[in-house]
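Below you'll find the structure, written out as structure tokens, and then a few comments.
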Amino acid sequence: MIKVFNKATNEFLGRISETDLQFLADHLEEEGLADRDYFIRAETIETFPAEGASPHLVEVLKGGLRSEQSVEIRWEEDSKRL
């Protein structure tokens, strides 16, 4: 599992699957191979269901938006195995 955080506040947003992380990598711009963050606009998140994103991924990302129009997230591997 992958833990997702609001990069600015370090607020934990939720856990996503490796498949969800791959979706983000496939659909968003990465600045480098070691990049572990993404800047996402609300309107981009709205397109994700039609592009095949899991409902859970969309829920986690929307939770990070709050009342904002965009969010920068960071991710890390979860060392805790469920």
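The values are calculated or read from the model by the stated rules, or taken from the named source; none is laboratory data. Treat the numbers as computed from the prediction; the structure is a model and nothing was measured. When we count neighbours, we look across all protein chains shown, and the Cβ atoms used for this are built from the backbone with ideal geometry, even at glycine. The area values use the complete protein model at the heavy-atom level, side chains included, leaving out ligands, DNA and RNA. Shrake-Rupley method; radii C 1.70, N 1.55, O 1.52, S 1.80 Å.
Results, tabulated for the structure shown:
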| item | result |
| --- | --- |
| GluC sites (Glu not before Pro) restricted to segment 10-54 and DSSP loop, no more than 11 other C-beta within 10 Å | Glu29, Glu31 |
| Heavy-atom accessible area per residue - the chain, 1.4 Å, Å² | 64 Å² |
| Alpha-carbon Debye profile of the chain, log10 I(q)/I(0) at 0.11 Å⁻¹ | -0.25 |
| Per-residue HN-Hα couplings for segment 35-48 [Karplus 6.51, -1.76, 1.60; θ = phi - 60°; Hz; x = Gly/Pro] | 5, 10, 9, 9, 9, 10, 8, 4, 5, 5, 4, 4, 7, 4 |
| Debye, to nearest 20: dipole size of the chain, +1 on Lys, Arg Cβ, -1 on Asp, Glu Cβ | 420 debye |
| At most 10 other Cβ within 10 Å, DSSP loop - trypsin sites (Lys or Arg not before Pro), segment 6-82 | Arg66, Lys80, Arg81 |
| Listed residues Thr47, Thr9 arranged by accessible area, highest first, probe 1.4 Å | Thr9, Thr47 |
| The chain, accessible surface, carbon-and-sulfur percent (1.4 angstrom probe) | 48 percent |
